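I have placed the structure first, in the form of structure tokens, so that the comments after it can refer back to it.
The values are calculated or read from the model by the stated rules, or taken from the named source; none is laboratory data. On a predicted model such as this, the values are computed, not experimentally measured, just so you know. Please note: Cβ atoms are built from the backbone with ideal geometry, for glycine as well, and neighbour counts cover all protein chains shown. Calculation scope for accessible area: heavy atoms of the full protein, side chains included, ligands and nucleic acids excluded. Shrake-Rupley method; radii C 1.70, N 1.55, O 1.52, S 1.80 Å.
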Amino acid sequence: PGTDPEAVARARTLFGPDAGEVFARWRADPASAEPLGPDFPYTAAEVDRASREMVETLDDLVDRRLLALPGGIPIGPDTLGRILDAAAPALGWSLGRQSLEIAGFRAGADRWPARAAAGTHRTHAGV
């Protein structure tokens, strides 16, 4: 875990000297080093670390903090749920707030058409 050269390079690029926090989490919790979905190569450790950078919205987290949407890469509803599961504890977002964030993310479909099919309503963690 955490030895994927692309993931290591990405963490160094995104977090600079703070990438060590991501690497330490990957070592301590190997599951946090796995991609959150086939459509999203980022890991729970990366999402958690990015979530602590004054994130205001899901769009802010995915697009601006993780730089994950160049060209509108599609992110499916299951993956969006895993992103929120990784981010919500650091952000303190309730399930209601998570549902609002998914709706806002999907509303960005005019800018990123791939978002239209992403996530709908969260009823409990992981869904």
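So that you can scan it fast, the table gives a plain yes or no per residue for (1) crowded, with 21+ Cβ neighbours inside 10 Å; (2) at pLDDT 85 or above:
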site	(1), (2)
LEU36	yes, yes
THR43	yes, yes
GLU46	yes, yes
SER51	yes, yes
MET54	no, yes
ASP60	no, yes
GLY76	no, no
ALA90	no, yes
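When restricted to residues that are exposed (fewer than 13 other Cβ atoms within 10 Å of the Cβ) and over 16 Å from LEU66 (Cβ atoms), segment 1-19 contains 3.
Residues being in contact (Cβ under 8 Å) with a residue 12 or more places away in the chain and open to solvent by 40 Å² or more (accessible area, probe 1.4 Å): count how many of those fall in segment 24-34.
6
Checking ALA107, ALA103 one by one, the residue that is farther than 23 Å from GLU6 by Cβ, open to solvent by 60 Å² or more (accessible area, probe 1.4 Å) and at pLDDT below 95 is ALA107 and no other.
Does at least one position in segment 64-74 carry a residue that is open to solvent by less than 20 Å² (accessible area, probe 1.4 Å), small (Gly, Ala, Ser), modelled with pLDDT under 95 and in a helix (DSSP H, G or I)? Within segment 64-74 (the criterion being open to solvent by less than 20 Å² (accessible area, probe 1.4 Å), small (Gly, Ala, Ser), modelled with pLDDT under 95 and in a helix (DSSP H, G or I)), the answer is no, since none of the residues qualifies.
Criterion applied to ALA31, ALA24 was being at pLDDT 90 or above, within 22 Å of GLY81 (Cβ to Cβ) and either touching a strand residue (DSSP E or B) at 6+ places or on another chain (Cβ under 6 Å) or in a helix (DSSP H, G or I) (or both), and the one residue passing it is ALA31.
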